[in-house]
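Presented below is the structure to which this report refers.
The values are calculated or read from the model by the stated rules, or taken from the named source; none is laboratory data. This one's a predicted model, so the numbers in the text were calculated from it and none came from an experiment. For neighbour counting, all protein chains shown are included, and Cβ atoms are generated from backbone atoms with ideal geometry for every residue, glycine included.
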Amino acid sequence: MSYMLFLSFTYHRYREDAIIRIYADDRLIDELTLTEDIGLKVVDVTRPPIYHADWVGPHNRCSIFFLPRKNFLFEISEEHLHKKIRIEVQNDYTNHDNGFMTKFAHITFHEIFLFPSVLRDYKNWLKLRRFFWLGSENKSTWEPPSNHWARRPDAITNNLHYHRGGNFFIDIPLFRKHGMIHLSEIGPGKAYVYLWKLVILWAYKVLNTENEDSRSNNT
């Protein structure tokens, strides 16, 4: 089985191109050269595909999110996923001079997650429906479920949503549970499917919803 590593981030370029290298254990998966800024865009997430499958009740509101304009997907064979994912960033560009610095290149990570490649097809998410958690026991609310059941490693939480410049690397340990590889250590008890990741994949148009869209148009 193969997995997809999903990254999204904003980027402010200054003077030179940033270089990002992705490793699975010690194997180089890909190298990115960032030649221009990556800003934010507004995305309407009021009615993602899962809305039709399980969410019920009134939805008299419009939900939008500010997401990075680009996303990056890397396919990695399971045979190369044993110990860690490493993200290396070369981006040490500033106007530092005589002890002063007013400008610098920086990256802000928004999403880092790993999922089986079969979940690029929406129909395979529906096979996991019994593990969905939609915010309340009667499934009457639309709220992205919290990740309360996972003990997320500092490697992820400490590197999201803040500007980071310079050269650095992020090592994210891998965990195995329920026959799957995770970037988060799954806690005891029932594990729920984190539907926010589904919404993210749909918002970036990397989720195959062809069958669902056809079914919805015929109803």
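Restricting to region 1-44, what's the tally of residues that are closer than 17 Å to residue 110 by Cβ and among the hydroxyl-bearing types (Ser, Thr, Tyr)?
Residues in region 1-44 being closer than 17 Å to residue 110 by Cβ and among the hydroxyl-bearing types (Ser, Thr, Tyr): 3 in total.
Of all residues in region 179-219, how many are modelled with pLDDT of 70 or more and part of a helix (DSSP H, G or I)?
10
Under 8 Å between Cβ atoms, which residue pairs at least 6 apart in sequence (or on different chains) link something in region 94-110 that is within 17 Å of residue 20 (Cα to Cα) with a partner that is outside any loop (DSSP other than H, G, I, E, B) and basic (Lys, Arg)?
Every condition considered, the pairs that remain are 106/164; 107/164; 108/164; 109/164.
For region 89-125, name all the residues that are surrounded by 15 or more Cβ atoms within 10 Å (Cβ to Cβ) and either over 27 Å from residue 203 (Cβ atoms) or of a type in the set (A, V, I, L, M) (or both).
Of everything in region 89-125, those that are surrounded by 15 or more Cβ atoms within 10 Å (Cβ to Cβ) and either over 27 Å from residue 203 (Cβ atoms) or of a type in the set (A, V, I, L, M) (or both) turn out to be 89, 90, 93, 94, 104, 105, 107, 112, 114, 119.
If you go through region 46-58 one residue at a time, do you hit one that is modelled with pLDDT of 95 or more and within 22 Å of the chain's Cα centre (by Cα)?
No, the conditions are met nowhere in region 46-58.
Please work out if residue 174 is out of contact with any Gly (no Cβ under 6 Å at 6 or more places or on another chain) and at pLDDT below 90.
no
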